[in-house]
Amino acid sequence: MKWMKWTIDPAHTSLQFAVRHMGLSTVRGQFKKITGAIETSDDGTLNSIQATIEAASIDTAEPQRDGHLRSPDFLDAEKYPHLTFRSTTIEPLGTGRYLVTGNFTIREHTRPVTFEVEITEPVKDYTGALRAGASASGTVNRKDWDLTWNQVLELGALLVGEEVRFTLDVEAVAAVTAPAAA
């Protein structure tokens, strides 16, 4: 079986997250810099995913909060500049849908996570390059990565929720392979 390699297109990829604030509202943000690679079999079946997220690229549209999230209280982006994901198991669910389990590393803590993934059929772009897309979603508990900073408010609510919901939209470009020599 032949494998096809894809490169994540950072300009057309977004990783968004949502966390409860004071038990009242949801704060949303994103990581702006993501790179990685995907492998599929020649029939389009998803085989592996690897992604690297730049910790300092976190953006919640609030500079003071972003600075705190980059600090040692949370991501410690200066000491640990990357979050990484590497798939370990990919379970087909049918019709371009998968359950993807992998190792997610934040601040040298690696834990398994599972995301639901849906892929699109590849298309050729205006330059003739083959592109495909995927959407993924899942929830993690930040305490599993020792991200425990918090404040308990007067009535018992937490300032920052423990569950983090992720939504990922990826566009990837097929690697160009040289034609076989005659």
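The values are calculated or read from the model by the stated rules, or taken from the named source; none is laboratory data. Worth saying up front: this structure is predicted, and the values here are computed from it rather than measured. Cβ coordinates were reconstructed from backbone atoms using ideal geometry, including for glycine residues, and neighbour counts include every protein chain displayed.
Of all residues in region 119-149 being charged (D, E, K, R) and closer than 23 Å to ASP42 by Cβ, which is surrounded by the fewest Cβ atoms within 10 Å (Cβ to Cβ)?
GLU121
Does any residue of region 88-100 turn out to be closer than 22 Å to GLY133 by Cβ and among the basic types (Lys, Arg)?
yes
May I ask you to verify whether GLY102 is assigned to a strand (DSSP E or B), on the phi > 0 side of the Ramachandran plot and modelled with pLDDT of 95 or more?
no
For region 107-128, give me the residue count where each residue is more than 12 Å from the chain's Cα centre (by Cα) and either in contact (Cβ under 8 Å) with a residue 40 or more places away in the chain or farther than 28 Å from TRP145 by Cα (or both).
Of the residues in region 107-128, 11 are more than 12 Å from the chain's Cα centre (by Cα) and either in contact (Cβ under 8 Å) with a residue 40 or more places away in the chain or farther than 28 Å from TRP145 by Cα (or both).
Where the second residue is aromatic (Phe, Trp, Tyr) and assigned to a strand (DSSP E or B) and the first is under 12 Å from GLU171 (Cα atoms) and lies in region 2-21, which pairs have Cβ atoms under 9 Å and are six or more apart or on separate chains?
From residues that are under 12 Å from GLU171 (Cα atoms), the pairs are SER14/PHE31; LEU15/PHE31; LEU15/PHE166.
Could you pull out the residue among ALA77, ALA11, ALA61 that is loosely packed, with under 15 Cβ neighbours inside 10 Å, part of a loop (DSSP other than H, G, I, E, B) and of a type in the set (Gly, Ala, Ser)? Working first, answer last.
Numbers: ALA77 fails: loosely packed, with under 15 Cβ neighbours inside 10 Å; ALA11 fails: part of a loop (DSSP other than H, G, I, E, B).
Every option except ALA61 fails the conditions.
For region 140-163, enumerate the residues that are more than 21 Å from THR35 (Cβ to Cβ), at pLDDT 80 or above and in a strand (DSSP E or B).
ASN141 - this is the single residue of region 140-163 that is more than 21 Å from THR35 (Cβ to Cβ), at pLDDT 80 or above and in a strand (DSSP E or B).
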